[in-house]
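In what follows, a structure is listed as structure tokens, so that the remarks can point back to it.
The values are calculated or read from the model by the stated rules, or taken from the named source; none is laboratory data. Model, not experiment: these values are computed from the prediction. For neighbour counting, all protein chains shown are included, and Cβ atoms are generated from backbone atoms with ideal geometry for every residue, glycine included. To get the accessible areas, we keep the full protein, side chains included, count just its heavy atoms, and leave off ligands, DNA and RNA. Shrake-Rupley method; radii C 1.70, N 1.55, O 1.52, S 1.80 Å.
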Amino acid sequence: MHFMQAAKRLTRLATVAFALTVLGSSAYAQQPTPAALATAKEIVVVTGGVALLNPLIPGVVEQAKLLLLQQNPSLSKVLTEVSDKIRADLTPRLDELVNEMARLYAIRFTEQELKDLLAFNKSALGKKLLAEQPQIVDSSLKFAQTWSNSLSDEVVAKMREELKKRGYAL
């Protein structure tokens with residue numbers, strides 16, 4: 001369940017990142033003002049970027065713990081204690097990720113565009129888009145997988161047919 005929520009959040013972030021790439025080229029490479037960065041940071045929060053990033057530090061710590069447990073399973077209790085401490089120590093570093101996401105928004109959008117984007121994301125339609133987009137992306141990916149499987153079958157059949165015409169039987 002937790003993985004599915006993270007996957008949906010990741011899908012949302014990927015969609016937002018894609019939109020930033022496609023729509024944000026006009027302001028690319030500008031030096032962001034402090035106000036633009038603050039607005040961009042608020043966008044990261046409103047669009048669920050912080051919630052998406054929250055599992056990263058605990059996930060990295062857990063992976064390291066599991067790696068070390070494989071090397072010495074008898075260290076389970078002490079590794080749990082150490083990983084809890086490291087996780088707590090690293091929690092403030094989440095700000096690095098949030099600030100970088102905000103910077104990425106701020107270099108691709110003007111300050112006014114950021115304000116408009118924030119206003120949209122806070123609007124009823126923006127909130128609906130944020131809520132519905134993961135399901136739309138998920139359904140689109142499922143459809144694309146089914147469609148590509150069908151297309152693959154069609155291509156293989158056409159290739160076999162063409163090869164048969166040329167005297168090859170597969």
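Note on SER150 and GLN112: their simple-model spin labels are 4.6 nm apart, each label 7 Å out from Cα toward Cβ. 3J(HN,Hα) along the stretch 133-139, derived from phi through the Karplus expression 6.51 cos²θ - 1.76 cosθ + 1.60 where θ = phi - 60°, amounts to 4, x, 5, 5, 5, 4, 5 Hz, with x in place of Gly and Pro. Label-to-label distance for ALA157 and SER123 is 4.6 nm, based on points extended 7 Å past Cα in the beta-carbon direction. Ordered from largest to smallest accessible area (heavy atoms of protein chains, 1.4 Å probe), the residues LEU52, LEU90 come out as LEU90, LEU52. Can you send over the carbon and sulfur percentage of the accessible area for the stretch 94-170, probe radius 1.4 Å, protein chains only? That share works out to 60 percent.
The lysines within cross-link reach of LYS127, meaning a Cα-to-Cα straight distance under 26 Å and a gap of 8 or more places when in the same chain, are LYS8, LYS41, LYS115, LYS142.
Here PHE143 sits with roughly 130 square angstrom of accessible surface, probe radius 1.4 Å. With a Förster radius of 35 Å applied to the C-beta separation of LEU69 and LEU94, the computed FRET efficiency comes to 0.90.
Rolled with a 1.4 Å probe across the full set of protein chains, the surface gives LYS142 an accessible area near 130 Å². Per residue, the solvent-accessible area of the stretch 31-103 (1.4 Å probe, heavy atoms of protein chains only, all protein chains present) comes to 61 Å². Along the stretch 47-55 the Karplus relation, 6.51 cos²θ - 1.76 cosθ + 1.60 evaluated at θ = phi - 60°, assigns HN-Hα couplings of 7, x, x, 5, 4, 5, 7, 3, x Hz to successive residues, with x for each Gly and Pro.
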